[in-house]
1. Being under 23 Å from Ala145 (Cα atoms) and either free of Cβ contacts under 8 Å to residues at least 24 places away in the same chain or surrounded by fewer than 16 Cβ atoms within 10 Å (Cβ to Cβ) (or both), is that true of even one residue in segment 59-70?
2. Taking the condition surrounded by 14 or more Cβ atoms within 10 Å (Cβ to Cβ), without any contact (Cβ under 8 Å) to a residue 12 or more places away in the chain and in contact with a helix residue (DSSP H, G or I) (Cβ under 7 Å, 6 or more places away or on another chain), does Thr225 pass?
3. Can you spot a residue in segment 229-243 that is within 23 Å of His15 (Cβ to Cβ), modelled with pLDDT under 65 and surrounded by fewer than 16 Cβ atoms within 10 Å (Cβ to Cβ)?
4. Only one of Leu130, Leu148, Leu157 is under 17 Å from Ala88 (Cα atoms), free of Cβ contacts under 8 Å to residues at least 40 places away in the same chain and of a type outside the set (Gly, Ala, Ser); which?
5. Tell me, yes or no, whether segment 13-21 has at least one residue that is out of contact with any Cys (no Cβ under 7 Å at 6 or more places or on another chain) and under 28 Å from Val114 (Cα atoms).
6. Can you list residue pairs whose Cβ atoms sit under 7 Å apart, with the first residue in segment 90-104 being free of Cβ contacts under 8 Å to residues at least 12 places away in the same chain and the second being among the β-branched types (Val, Ile, Thr)? Count only pairs 6 or more apart in sequence or on different chains.
7. Among residues belonging to segment 190-207 that are at pLDDT 95 or above and not aliphatic (A, V, I, L, M), point out the one that is nearest to Val84 (Cα to Cα).
8. Answer yes or no: is there a residue in segment 160-168 that is surrounded by fewer than 23 Cβ atoms within 10 Å (Cβ to Cβ), of a type in the set (Gly, Ala, Ser) and touching a residue at least 40 places away in the same chain (Cβ under 8 Å).
Amino acid sequence: MSLASEPAVFVKDLHARRGRNPVLHGLSLTVPRGLVVGLIGPSGCGKTTLMRSIVGVQLVQSGEVTVLGRPAGSVSLRNRVGYVTQEASVYDDLTVRQNLTYFRAVLGAPASDVDRVIDATDLGRYAGQLAGSLSGGQRSRVSLAGALLGSPELLVLDEPTVGLDPVLRVELWELFHRLAAGGTSLLVSSHVMDEASRCDRLLLMRDGEILADDTPAGLLASTATDDVEAAFLSLIRRHPSPEDRSPGDAGPGVDGPTSTGGAR
């Protein structure tokens, strides 16, 4: 398989728990290269656990997770994958520029990258401010800027637009598509259904399972609906959750009935 045709992420029959709670129930998916792929689903459905599995910080029970042709968590992936968690990963007692300068040094990225990512995330007016004095949305942008350092091949973004004003949300989605046009692969999670239409491809998730993997247009056509929320509801009716199934009815990709509490 050539590099161009090899997916950025390949997941097969993945099972994972958080504590004692089963969260991912044998799900499989691919994230193509050079696209903005939306991981869309309600809070608590397992999106964060899946993303943690992809970046190699989640203990999994079984299954295969391959990222950029390597097993998830491989040392060789550290400078090739950027990860933005839901909580901003910044030092409050450093300025925006100091945070990014520190992260740049850790990554070994070029010194010019600091100005590049500040411009890309529209943080220029805040560059000299302490991160602790910023709003939640601004702090999230600093985390995103840090993830862009070194021009990673894959960006894994866990609900990056939460708490942002509508104008900035639009600007960030425009940035995501510019990055994809330049060859970066992006996996962006959200529980906001109207963001789904901004993605090149969608993974709809519920209760630790992937209900659909399709383009927005393909999803609407296959469900005969007019918007993603209606499509999602249609899929839910077709695929009851694991805890709603009767014994012996495992459903696609699930090894028997399981509980799905505590998916975050």
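The values are calculated or read from the model by the stated rules, or taken from the named source; none is laboratory data. Everything numeric in this text was worked out from a predicted model, so none of it was measured. Here the Cβ positions follow ideal geometry from the backbone for every residue, glycine too, while neighbour counts run over all protein chains shown.
1. Residues of segment 59-70 under 23 Å from Ala145 (Cα atoms): 67-68.
If we keep only those that are either free of Cβ contacts under 8 Å to residues at least 24 places away in the same chain or surrounded by fewer than 16 Cβ atoms within 10 Å (Cβ to Cβ) (or both) too, we end up with none.
Within segment 59-70, not a single residue is under 23 Å from Ala145 (Cα atoms) and either free of Cβ contacts under 8 Å to residues at least 24 places away in the same chain or surrounded by fewer than 16 Cβ atoms within 10 Å (Cβ to Cβ) (or both).
2. Working: surrounded by 14 or more Cβ atoms within 10 Å (Cβ to Cβ): yes; without any contact (Cβ under 8 Å) to a residue 12 or more places away in the chain: yes; in contact with a helix residue (DSSP H, G or I) (Cβ under 7 Å, 6 or more places away or on another chain): yes.
Considered against the rule, which asks whether it is surrounded by 14 or more Cβ atoms within 10 Å (Cβ to Cβ), without any contact (Cβ under 8 Å) to a residue 12 or more places away in the chain and in contact with a helix residue (DSSP H, G or I) (Cβ under 7 Å, 6 or more places away or on another chain), Thr225 comes out as yes.
3. We begin by selecting, within segment 229-243, every residue within 23 Å of His15 (Cβ to Cβ); these are 235-236, 238-243.
With modelled with pLDDT under 65 added as a condition, the list becomes 241-243.
From what's left, surrounded by fewer than 16 Cβ atoms within 10 Å (Cβ to Cβ): 243.
Taking every residue of segment 229-243 in turn, at least one turns out to be within 23 Å of His15 (Cβ to Cβ), modelled with pLDDT under 65 and surrounded by fewer than 16 Cβ atoms within 10 Å (Cβ to Cβ).
4. Numbers: Leu148 fails: free of Cβ contacts under 8 Å to residues at least 40 places away in the same chain; Leu157 fails: free of Cβ contacts under 8 Å to residues at least 40 places away in the same chain.
Criteria check complete, one pass: Leu130.
5. Within segment 13-21, the subset out of contact with any Cys (no Cβ under 7 Å at 6 or more places or on another chain) is 13-21.
Remaining after also requiring under 28 Å from Val114 (Cα atoms): none.
No; the residues of segment 13-21 include none that is out of contact with any Cys (no Cβ under 7 Å at 6 or more places or on another chain) and under 28 Å from Val114 (Cα atoms).
6. none
7. For segment 190-207, the residue satisfying everything is Cys199.
8. For segment 160-168, residues surrounded by fewer than 23 Cβ atoms within 10 Å (Cβ to Cβ), of a type in the set (Gly, Ala, Ser) and touching a residue at least 40 places away in the same chain (Cβ under 8 Å): absent.
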